[in-house]
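The values are calculated or read from the model by the stated rules, or taken from the named source; none is laboratory data. All values reported here derive from a predicted model rather than from experimental measurement. With ideal geometry, Cβ positions are generated from the backbone for all residues, glycine too; neighbour counts draw on all protein chains shown. SASA here: full protein model, heavy atoms, side chains in, ligands and nucleic acids out. Shrake-Rupley method; radii C 1.70, N 1.55, O 1.52, S 1.80 Å.
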Amino acid sequence: MRAVQRYKLRLERKRFLVRAWRKARELMLVADRTDDIRPSDVLCFVTLRNERIRLPYFLTYYRDRGVSHFIIVDNDSTDGTREYLAAQGDCSVWMSQGSYKRSRFGMDWLNALMRQYAHGHWCVVVDPDEFLIYPFCDTRPIPALTDWLDSSSIKSFGAMLLDMYPKGPITAQPYNEGQNPFDIACWFDSGNYMIERNWNYGNLWIQGGPRARLFFDQNPERAPALNKIPLVKWNKGYAFASSTHMLLPRGLNLVFDEWGGEKASGVLMHAKFLDTFTTKAREELQRKQHYANSHEYKAYHSGLNEDPNLWCKWSERYINWRQLEILGLMSKGNWA
């Protein structure tokens, strides 16, 4: 990379940090338990709104895998989300009535909180419908993975977002609070993915899956990005540049091997397509707080009017992480 381009990226990172400092003024403290954070703790950072029904399973999932503390921004929920989180002993909660869109879709808020509380910690940064699957996740907690990453001098861990869905119309099987969403949404596309290099940031840009073939079949290039960096050894000088798709400094984005190499990676199982999604899509379309004038939610709203079945004859039922490795959707690298 040329010196001029490196300089531009440094300036961009500084702008993101200044934005985060300014947007931190929109955060109002609800419950502060950050004094309980220990130096070795794995932290989880989340921005959310009206996700009360998902929270019991989400919190249990990450607790069981070694997350010690959750730092959460609630964007003015009205369904009891904030009150539920404030009552959890391992959650520190802020709220904001500010614009989700003008906070760069919550990333300015998270960058601010991570700068204050995450320095030196391994951090899981996910949405409440994203569940990290990594090599040996059935027998080893996240701290075992981060210990290995530390010993290998690796500071970021990539994962492909894998859209999960039920067989049949998504409204046919109601989701209940506390339920494993993958008891219902247990199918995924084993292929149908497009990959290209983002040369400016150095990351791979992945698109495809059921959203591309069903909601963006006429414009697959506008389908949502599936590349994520959900696990990072944080430094107060870092900044997420575009959701969790890209980070600065640029070197943190080099999380995938393009030519069959040995770099370890994971999968974020995405439990978006439950029966609750129809209401969620309608609400978010009305709020108009999402990327590119909410074009993604416009596509969802149009397609969901027909109560679609995302399942197709090429769908594959999820078994375990080894299945995903065999399919080439993740890799254990040289972690044995």
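Over the chain, give the accessible area per residue in Å² for a 1.4 Å probe, as an integer. Could the numbers behind the result be given before it?
On the way: 15030 Å² over 336 residues.
On a per-residue basis, 45 Å².
Give the residue list of chymotrypsin sites (Phe, Trp or Tyr not before Pro) in segment 175-243 that are DSSP loop and have at most 15 other beta-carbon atoms within 10 angstrom. Numbers along the way, then the final one.
Details: sites: Tyr175, Phe182, Trp187, Phe188, Tyr193, Trp199, Tyr201, Trp205, Phe215, Phe216, Trp234, Tyr238, Phe240; in loops: Tyr175, Trp199, Tyr201, Phe215, Phe216, Trp234, Tyr238.
Here the chymotrypsin sites (Phe, Trp or Tyr not before Pro) that fit, given the DSSP loop and packing criteria, are Trp199.
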**Item:** For the chain, built as a Gaussian network whose Cα springs stay under 10 Å, the top-fluctuating residue of Asp163, Asp36, Asp90
**Value:** Asp36
**Prompt:** So between Ile195 and Trp21, what do we pick up on full extension, going 0.36 nm a residue minus the alpha carbon distance?
**Reply:** 59.2 nm
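Summing +1 for each Lys or Arg and -1 for each Asp or Glu, what net charge is found among the other residues whose Cβ lies under 9 Å from the Cβ of Ser96?
Details: positive: Lys23; negative: Glu26, Asp74, Asp76.
Net local charge, Ser96 excluded: -2.
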**Asked** Where the accessible area of the chain is counted over protein heavy atoms with a 1.4 Å probe, how much of it, in %, is carbon and sulfur?
**Response** 49 percent
**Asked** Order of 243-252, 135-144 by packing, highest average Cβ count within 10 Å first?
**Response** 243-252, 135-144
**Request:** For a label point 7 Å from the Cα of Met28 along Cα→C-beta, name the residues of segment 61-97 whose backbone N is under 14 Å from it.
**Result:** 74-78, 82-83, 94-97
**Request:** Using a Förster distance of 25 angstrom, determine the FRET efficiency expected from the C-beta separation of Ala86 and Phe182, and round it to 0.05.
**Result:** 0.35
**Request:** Leaving ligands, DNA and RNA out of it, rank Leu226, Leu254 by accessible area with a 1.4 Å probe, largest first.
**Result:** Leu254, Leu226
**Asked** What's the FRET efficiency of Ile319 with Glu283 using the Cβ-Cβ distance as r and R₀ = 41 Å, to the nearest 0.05?
**Response** 0.75
**Request:** Kindly state, to the nearest 0.05, the FRET efficiency for Leu327 paired with Ala144, given R0 = 25 Å and r defined as their beta-carbon distance.
**Result:** 0.60
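Quick one: net charge around Thr139, please, counting Lys, Arg +1 and Asp, Glu -1 for every other residue with C-beta under 14 Å from its C-beta.
On the way: positive: Arg65, Arg140, Arg322, Lys332; negative: Asp64, Asp138.
After counting each charged neighbour, the total is +2.
Please state, rounded to one decimal and in Å, the Kirkwood hydrodynamic radius that the chain gives when every pair of distinct Cα atoms enters the mean of 1/r.
On the way: mean 1/r = 0.0491 Å⁻¹.
Kirkwood radius, the chain: 20.4 Å.
Around Asn235, what is the net charge, scoring Lys/Arg as +1 and Asp/Glu as -1 over all other residues with Cβ under 10 Å from its Cβ? Intermediate results must be reported in sequence, preceding the final value.
Details: positive: Arg115, Lys155, Lys233, Lys236; negative: none.
It works out to a net charge of +4.
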